[in-house]
Structure formats: C-alpha cells, structure tokens
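What follows is one structure encoded as structure tokens, with my remarks underneath.
The values are calculated or read from the model by the stated rules, or taken from the named source; none is laboratory data. Source: prediction; values computed, not measured. Cβ: placed from backbone, ideal geometry, glycine included. Neighbour counts: every protein chain shown. With ligands, DNA and RNA removed, areas are computed over all heavy atoms of the protein, side chains included. Shrake-Rupley method; radii C 1.70, N 1.55, O 1.52, S 1.80 Å.
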Amino acid sequence: MSSMMDVRVLPANSLIFLQGDSGDYYYWVISGSVELYTSFTAAKELMLREKHKDRPRDEYSTIDVSELGNHIASMEDGAGFGELSIISDAKRSLSAATSCETVLGRFSKKTYNASIRSMHSDKMDTVRKIAILKGFKLFSSWPPSALSHLSYKMDIKEYAYNDKMVVGGSAIRDIYFVAEGEINLESKIRVEGTNVLDSVTFKSVQVATIHTGSILGDIETTVEKSKSWRVTAKVKSATAKVLRMEKEDFIHLVLNSPGDVGEKVKLGAEAVHQFRRERIRDAQRMKLKEKKVQVDKKNSESKTVENLRQRVQRASFEVGG
C-alpha cells in the first residue's frame, strides 16, 4: 500500500485543500496533526476561494488558519480523511491544514477506489445522510460543509409498522427528522366527570400524523420546553426511516445555527403546536360529550328500573291490602 502513497513532510499551517476544491485525493496522517475547518456559509466560502484562487492546486502552501472558519475536528497519527468527496463525487465540504510539522500520505482517487474504498462502507452512511438532509426544505440553503458537519451527529434509524418511536411520559433524549413514512402522534387527554360522583379519566387520542420532511421533538424542545414526551409516536406506514440526533446537538447545531434556520424551526413548531392544542380541545369536548351521553343513558336506565321497582311495590301492596 505504501508504494501507492505519495508522502510529504509539511510544516505547520500548510494548506492541504480548501472548502469547495474537487476531491482528487485521500489523505493519511502518518505523524503530526491536521485540523479541519468550515466556513459554514456559501458567501464566506466564495470569499475564501477568491482570495486563494492563484495557489498551486497539486502542491501545498502555507495559510493563516484563522481564515478557514470554524474548527471542526483534529486528525492525528493514523487518521485518514478526504474520502467523502471521492465517495460522493462532490466538492470538498471542509478545509484542511496542518497544525504542526506533519508527515502526510496522499492516495489518488484511482488508488482509493481500487484499494481502500471497500474498507469505508461506514462512510457511505454519511453520504446517505447528507442526501436525506438535502431533501429537507429547512436545509435547502445550507452549504455541503454544514450538511456534512450536521450528518456526523446523526444516525439513520428504521422502523416497522406499529413500532413505537417514542412513548409519552419518557425522557426526551433525541430529535427525529422523518425521511420516509407516516407516523401517528397520540396524546392522553384528561376528561372530567359530568357530576361530582364521576372520576377523572384519561383517554388516548390521535392528535396528528407526520410525514416525510417533518421533525419530531421540535415542539417539545422549542415551545413546550418539556423534558418528557407529551405524545406517543407510532409508525402508521409499512416502514419508516428517520435521521436521529441527540437533543443537545439539535439545540446547538440547528436551533442556534447561523442564519434563520433556528427561527424557522421555532415558528413552524409554534404553528403545529397550536394545531395540536385545538385537536386536543376538540377531542376533550367530544369525549366529554360521549361521556355525558353514557351518563344520561345510565341515569335513564336507573330511573326506568326505579319506576319499575316502585310499580311492583305498589302492585304488591294493593294485592296484599
């Protein structure tokens, strides 16, 4: 394998590639450290590329790493990077530069595809996650670098018909982005008795059905600020596929992301929350009406029985008299 690898010793602050470059090589850190950065927005990426448009593409040059944007990760001894651009045939989603003297190995795209790619099946999941995220209107304006970073914090989860994704009352640990399928949301509602002798009962009612492109957990996180689920989510379709991420990552990377994405999530959640509340109030009124009918029927039956009992008593009295 080493005979297929071009090896260089690079000083600190050597630029390996810029966000937006074509993915022509896969890299291997033999010793030292490489830092990965993202400029996050397309505008910043264009400014960065314009400033360094005359740099030699197949050679390494020095750079002020503060220009590269937000630090994402460190690649140290034995780490490989740069494969996602080759696998997905896409532009570089991050920038890479050394932070100290580094011995770096480089494989061509042809060598990677022939000898290394088969060992990176897990990387295909990242490509799949990015493709799914691109289908969400919410992320339509996000550059590849931001989608790539977001995808690292997600995993793909699949469910079968009638599976429960979350259960009402349980702690909220994850947020779900629905990629495929339909999911019914059920909530337990409180139904008061129709008179002082009746006990309070709780009924489970369907309050919504969410589909591809929906988020499960946005309302609880942004509007209700609840620590536990207010709904039970049950798969309605034959199968369902979601992207799942931890709640804290959702808050940090989505709600608090640059731009207006966080605000869009909050506004959307507020509108859906209002709809759910109306559905719950309608269900409560309906259940209360049904309970009143049952109570009235029971009272009517009791009166009928009491009337019959009194008539029997009077008949017995008259016969006895």
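Results, tabulated for the structure shown:
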read-out: Filtered residue count, the stretch 63-84, keeping only those that are under 12 Å from residue 18 (Cα atoms), not acidic (Asp, Glu) and not in a loop (DSSP other than H, G, I, E, B); value: 2
read-out: Any chance residue 115 is of a type in the set (Ser, Thr, Tyr) and either crowded, with 17+ Cβ neighbours inside 10 Å or not in a strand (DSSP E or B) (or both); value: yes
read-out: Test: residue in the stretch 202-216 that is farther than 26 Å from residue 93 by Cα, touching a Gly at 6+ places or on another chain (Cβ under 7 Å), open to solvent by 20 Å² or more (accessible area, probe 1.4 Å) and at pLDDT below 90; value: no
read-out: Residue, most open to solvent (accessible area, probe 1.4 Å), within the stretch 118-137, restricted to residues that are touching a Phe, Trp or Tyr at 6+ places or on another chain (Cβ under 9 Å) and in a helix (DSSP H, G or I); value: 134
read-out: Close pairs from the stretch 138-167: first on the phi > 0 side of the Ramachandran plot and assigned to a strand (DSSP E or B), partner among the polar types (S, T, N, Q) and open to solvent by less than 50 Å² (accessible area, probe 1.4 Å), Cβ under 9 Å, at least 6 apart; value: none
read-out: Residues of the stretch 119-133 classified as modelled with pLDDT of 80 or more and either closer than 9 Å to residue 151 by Cα or among the basic types (Lys, Arg) (or both), total; value: 4
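Quick grid of which residues meet (1) open to solvent by less than 50 Å² (accessible area, probe 1.4 Å); (2) at pLDDT 95 or above; (3) among the polar types (S, T, N, Q):
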{"position": "12", "(1), (2), (3)": "yes, yes, no"}
{"position": "18", "(1), (2), (3)": "yes, no, no"}
{"position": "22", "(1), (2), (3)": "no, no, yes"}
{"position": "38", "(1), (2), (3)": "yes, no, yes"}
{"position": "42", "(1), (2), (3)": "no, no, no"}
{"position": "46", "(1), (2), (3)": "no, no, no"}
{"position": "55", "(1), (2), (3)": "yes, no, no"}
{"position": "61", "(1), (2), (3)": "yes, no, yes"}
{"position": "64", "(1), (2), (3)": "no, no, no"}
